[in-house]
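> Okay, handing you the structure first.
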Amino acid sequence: TPFLGTEDVGPPFFVSPATTIGTAKVTNPGDVESYIRWTVTGPTETVTVGIGGENTVIPFRVPDQQKLVIDTDPRNLIAELNGEDVMNQLREFNYPALPPGEDIRLSLAMEGEGSVEARFTPYMLMGI
């Protein structure tokens, strides 16, 4: 059968809905809020990232294969392009927390051929 293969050849494939930069959502499976660490890999001209409509605008170019990292955790707030601080170059910066248990729409817009990655660590409450 086309696209499926046999048991000994490879894993089966499944059709699933596509996620695009305009429809991406994330759910924090933790018990408490978390903060996103954004990684923008160039080439990009401008990028907007955020959650729930609260955005951070990156108005400068990220060159090909270079990385801009924005950690929104207030305990480690950084914006670095290849290790150099660029926090003062950001516009409209907002770093909201990712609430637990809710589907939250990511706010993403990008000019260029690069990529944007959002990562976070879910935190759980523990009883002792």
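The values are calculated or read from the model by the stated rules, or taken from the named source; none is laboratory data. Remember, predicted model here, so these are calculated numbers, not experimental data. Glycine gets a Cβ as well: all are built from the backbone with ideal geometry, and neighbour counts include every protein chain shown. To get the accessible areas, we keep the full protein, side chains included, count just its heavy atoms, and leave off ligands, DNA and RNA. Shrake-Rupley method; radii C 1.70, N 1.55, O 1.52, S 1.80 Å.
> Residues that are within 14 Å of the chain's Cα centre (by Cα) and of a type in the set (Val, Ile, Thr): does region 82-103 have at least one?
no
> Still on this structure: Just to be sure I understand the filter: pairs with C-beta atoms under 9 Å, separated by 6 or more residues or on different chains, first member in region 106-118 and on the phi > 0 side of the Ramachandran plot, second member in a strand (DSSP E or B) and surrounded by fewer than 18 Cβ atoms within 10 Å (Cβ to Cβ). Which pairs pass?
Correct list of pairs: Gly112/Glu45; Gly112/Thr46.
> Does any residue of region 50-63 turn out to be open to solvent by 60 Å² or more (accessible area, probe 1.4 Å), in contact with a Pro (Cβ under 9 Å, 6 or more places away or on another chain) and within 14 Å of Met110 (Cβ to Cβ)?
yes
> Here's another thing I want to ask about it. Mind counting the residues in region 65-96 that are in contact with a Ser or Thr (Cβ under 7 Å, 6 or more places away or on another chain), farther than 12 Å from Gly42 by Cα and of a type outside the set (S, T, N, Q)?
Matching residues across region 65-96 total 5.
> Moving on. Glu45: in contact with a Lys or Arg (Cβ under 7 Å, 6 or more places away or on another chain), surrounded by 14 or more Cβ atoms within 10 Å (Cβ to Cβ) and in contact (Cβ under 8 Å) with a residue 24 or more places away in the chain, yes or no?
Against the criterion (in contact with a Lys or Arg (Cβ under 7 Å, 6 or more places away or on another chain), surrounded by 14 or more Cβ atoms within 10 Å (Cβ to Cβ) and in contact (Cβ under 8 Å) with a residue 24 or more places away in the chain), Glu45 qualifies.
> Filter region 83-104 for residues that are open to solvent by 90 Å² or more (accessible area, probe 1.4 Å) and either over 17 Å from Thr121 (Cα atoms) or of a type in the set (A, V, I, L, M) (or both) and give the result.
Answer for region 83-104, where residues must be open to solvent by 90 Å² or more (accessible area, probe 1.4 Å) and either over 17 Å from Thr121 (Cα atoms) or of a type in the set (A, V, I, L, M) (or both): Glu84, Asp85, Asn88, Arg91, Glu92, Phe93.
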